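Okay, structure first, notes after.
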Amino acid sequence: MQKAIIIFLILTSLHLSAQQIINGTVLNTNNEPLVGANVFLEGTYDGGTTDENGQFSFKTSETGTQTLRVSYISFETFTMVGDVSYMKNLTIKLREDVNALDAVVLSAGTFQAGDNSKVNVLKPLDVVTTASALGDFVGALQTLPGTTTVAEDGRLFVRGGEAEETQIFIDGIRVFTPYTPTTNNTPTRGRYSPFLFDGITFSTGGYSAEFGQALSSVLLLNTIDEPDQDKTDIGIMSLGATLGNTQKWETSSLSVNASYINLAPYNEIFPSRNQWKKPYETASGESVFRKKFDSGLLKLYAAFDATNFELTQEDINEPEGSHFKLKNNNLYFNGSYQGDLSDTWSVFGGLSYTHGNNTLNFTDMLVDDTENDIHAKLKFKKRFSNRFKLYVGAEYLASDFNEGFSDFQTNNTEYGYQDNIVAAFVEADIFLSKKLAFKTGMRSEYSALFKEFTLAPRLSVAYKTSNKSQLSLAYGRFYQNPSSYILKFDQDLKAQNTSHYILNYQYNADRKIFRAEAYFKDYNNLVKYDTDYASFDSTFNNDGYGFAKGIDFFWRDSKSLKNIDYWVSYSFLDTKRDYRNYPSKAQPNFANTHNLSLVGKYWINDWRSQVGFSYAFASGRTYTNPNTSGFLNEKTKSYNNLSLNWAYLISPQKILYASVNNVLGFKNINGYQYANTPNMNGNFDRRTLQPAADQFFFVGFFWTISEDKKSNQLDNL
Amino acid sequence: MQKLAIILVTLVTGLITAQTNYEKGMQKAFELWGNNNSVEASNMFERIANAEPDNWLPPYYAAQINIVNSFGEKDEDKLTAQLKKAQDLINDATAISKNNPEILVLQALLYTAWVAFDGATYGPALSAKVASIYAQAEQIAPNNPRVVYCKAEWGIGGAKYFGQDIAPFCSELERALDLFANFKPETPFSPNWGEDRTRMLLEACRK
């Protein structure tokens, strides 16, 4: 009996003495209690949850040295190693996770569209459902502030910069010939179909040291990492047809997309101002192959397109008009690998090759140019902690340009250049707290053509002023070698450069975004020449200079009005330059002072339709009137355009889409062409430069065939 | 003496046949969840997940709690944080058990939570994903009642929107109900939910 009692006592006491209590309080850095935090000993079942006072208490039978962990949403996990017997009355402070959603973002100068970024100004779908964009991602970006409306061109003109000052990258690798060629009065389009991309970052200044050879802006397009399923997309449009197919396997997938556009039938029904001999025709094909590895992703992207057209253009100096014929072939290949090397190291490597060929007949001239470009990049990222990340990388850019020229005086003359650039960059992201962050970097480049070494520092700071708002400052210096139209004639030059100074305020709450950004850009070493057009006889120098300053506003509200999503952009730009053939400092004709854009979308549930509109206003552009004195001394009237679109879901997989550009039929004027010689009264006659057609109609039917019978091409429209 | 002996025997046998920590922990977590204490339940599942790195069930249930709580959540920040956490847990579970139809269903529900929150924004991008996940799950486990009923529920949502007939989905629900009747979970804690909701949906069908 006694023995039994003793055994019993030993047993129970053993049972009891094995239990220890661990308790304490969990607070944030402002000493406020955190409710619902998970506190536990790692690798055991022992733990508890904090109450409304941030207190926790739990029993454990573990002894000796253990790891105590405290985890809570949006905070960094706390870890403490020690003897269990000392884990009493603990006070644990959790630091906020700088990766959390409400943390400060390094975003001065940048607009992002995608599912992954923290501040999305545009959604991927916007590219294709914006009325004026017609499925062109460049068209959608033109509704953002910082861009100027150059209606007859269609490329991106950013903050007083020329179109060449914006560089486009696919998966981090440069695209050398991003636009399809067009005639004078017809805007160009981006070459690449939007449906292969799911992330777009558009930076209008102050961008990362990773990107160079761009004075004004970079546009980063990322291809889709993993498609959802096998499917076939068929599109029949008033302008042509598209066919796409995606195949998905265990760890890899392939998407191919082909399209054919021919404007001949459209021009028959709606005659344009151009006299076509051979209407615009283009055939293109794209493919993306993706392969997943255990800790990395390989992407191969290839695109080919061929365009041709022939027409007689109006010309004030040629009563018969001038003959213009173009054939363009373009091949682009891009391969990249992104992967983890260890928990803290990751690597990115990529390579692109571009081959472009243009054969151009203009009156009696024949120009045949060929361009071959290579871009290779290798980048490493080291994550020391959530608060400190370091990037280092190197890249190589090579361009080989050759042109042949002949006319009735000159037999085929050949000329060209090779432009090779080596660059290295280093950059760090430093988060001092959830409220204050820095990004600082340095880029150095060596140009073999100019035997010139450049150093470009970049810096940006962001500070969170309240829960929903932040203030950012950015500075950067940018270098870019002159374009091929200059380098093909003269290579004894230097890189052009600019400095950006940016002040940005951003308010971001519950699907409402407001941004205001003021900037100043200082241009130096711009190329000047002493003839009307850059040519063999021109004398070139780097004495050009200029400035651009302004303020951009953006407001988007997807919340306040039911089923309505709208955004408004306004940009004010003040810029002057003395470059090219300018006799003095002047406002260039591609840079107008005021640009306003308004985009709205309305989803009508009962009709299963989305209707949208976009309105653009642009103040007048400068031109030179030789009948009065001065250079770029007059301005055209302002530009107005209202576009409407309508997408109707016939069934889950069939969509009917229609759009009308310039519904109200504004007679827009892009500029004037003056006669080379004065008329009998001593005046120079002029011709108004108008778009090929004031209005444009588009109708399409899109059909998706897939296993699940659900997906459609709404996101492609 | 006899009593004492009984006590002793019970104590000792209690110690021997005592439930494993895993069973106790899981039971406790389900109890907390049943008592509407979902934060503590989720924390408990997470702790078990931490202690049992080779078992996909604890992270699965922790994820399920966060997803279920997200339906009806109006605060976008909170929703985002919750679903991000759920996604991390699903990733953990998937790393332990690949091509698991139960986890695939949960992934589809996570995307559905986004679509339910804001159909106009997330519908177009995520609908295709949800559909393809159900297709994949069906291929692996055509007779799993949760795969059948969740896929049918998703189908009903789409069909109603396009004014199409929901009858084929209702007959799928009938089939799911039969499958539930014969469903035997692999372990006492393996997923076995969804029968009540299937009945509820069927009732709506019959109206």
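Things worth noting here:
- Compared with the rule-of-thumb size 2.2 N^0.38 Å for a compact globular protein, segment A:549-637 has a Cα radius of gyration ratio of 1.59.
- For segment A:495-590, relative contact order (Cα pairs under 8 Å, six or more residues apart, normalised by length) works out to 26 percent.
- The length gained by stretching the chain between A:ASP225 and A:LEU378 to full extension, at 0.36 nm per residue less their Cα-Cα distance, is 53.1 nm.
- Per the protein assembly as shown, cysteines lacking a partner by the 4.7 Å Cβ criterion: B:CYS150
- Pairwise FRET efficiency - A:ASN31 versus A:SER584, Cβ, R0 = 51 Å, nearest 0.05: 0.20
- Here is the size of segment A:649-703 from its Cα atoms: Rg then Dmax, 20.6, 67 Å.
- Summary of the geometry: segment A:463-485 and segment A:418-462, compared by the centres of their Cα atoms, lie 12 Å apart.
- The ellipsoid that matches the Cα gyration tensor of segment A:385-486 has semi-axes, each √(5λ) in whole angstrom, of 44, 16, 10, with the longest given first.
- Span from the segment A:548-576 Cα centroid across to the segment A:135-150 one, whole angstrom: 12
- B:SER171-A:GLU318 FRET efficiency (beta carbon distance; Förster radius 51 Å; 0.05 resolution): 0.10
- In segment B:102-207, the ratio of gyration radius to Kirkwood radius, Rg to Rh, stands at 0.96 when only Cα atoms are counted.
- Long hydrophobic helices in chain B: the complete DSSP H runs spanning 15 Å or more by Cα along their own axis with mean Kyte-Doolittle hydropathy of at least -0.5 are B:2-17, B:38-51, B:57-70, B:76-96, B:101-117, B:119-140, B:145-161, B:167-181.
- The angle between the Cα long axis of helix A:2-17 and the longest principal axis of the Cα atoms of chain A comes to about 30 degrees, rounded to the nearest 10.
- Rounded to two decimals, the Cα radius of gyration of segment A:218-324 over 2.2 N^0.38 Å is 1.54.
- Based on the Kirkwood approach, the hydrodynamic radius assigned to segment B:50-96 is 10.9 Å, with every pair of different Cα atoms included.
- When the Cα convex hull of segment A:477-552 is projected onto planes of every orientation, the mean area is 6.7 nm².
- Helix content alone sets the calculated 222 nm mean residue ellipticity of the protein assembly as shown: runs of n ≥ 4 DSSP H residues at -39500 (n - 2.57) each, divided across all residues, give -7000 deg cm²/dmol.
- Simple point charges give the picture: +1 on the Cβ of Lys and Arg, -1 on the Cβ of Asp and Glu, and for segment A:19-94 a dipole about the Cα centre of about 100 debye.
- Theoretical gain in end-to-end length, A:ASN563 to A:GLU452 [0.36 nm per residue, Cα-Cα removed]: 34.4 nm
- Two-decimal Rg to Rh for chain A - Kirkwood Rh, Cα set: 1.06
- Using a cut-off of 22 Å between Cα atoms, the listed pairs A:LYS93/A:LYS434; A:LYS231/B:LYS129; A:LYS654/B:LYS207; A:LYS562/B:LYS74; A:LYS248/B:LYS129 include A:LYS654/B:LYS207 as exceeding that distance.
- When the square roots of the Cα gyration tensor eigenvalues are ordered a ≥ b ≥ c, the ratio a/c for chain B is 1.5 or more and a/b exceeds b/c, which makes its shape prolate.
- Computed over segment A:19-94, the ratio Rg/Rh where both radii use C-alpha atoms and Rh is Kirkwood: 0.94
- Backbone N under 17 Å from the A:VAL392 label point (7 Å along Cα→Cβ), restricted to segment A:204-241: A:209-210
- Segment B:21-54 and segment B:118-141: distance between their alpha carbon centers, rounded to Å: 29
- Per-q log10 I(q)/I(0), segment A:456-589, q = 0.17, 0.21 Å⁻¹ (Debye; single scatterer per alpha-carbon; no solvent): -0.94, -1.17
- Pairs of Cα atoms nearer than 8 Å and 6+ residues apart set the relative contact order; for chain A it is 10 percent.
- The percentage of C-alpha pairs in segment B:35-132 whose separation is greater than 18 Å is 46%.
Only the coordinates and a few stated rules stand behind these numbers; no lab work does. What you see is a predicted model, and the numbers here were worked out from it, not measured in a lab. Every residue, glycine among them, receives a Cβ derived from its backbone with ideal geometry; neighbour counts consider all protein chains shown.
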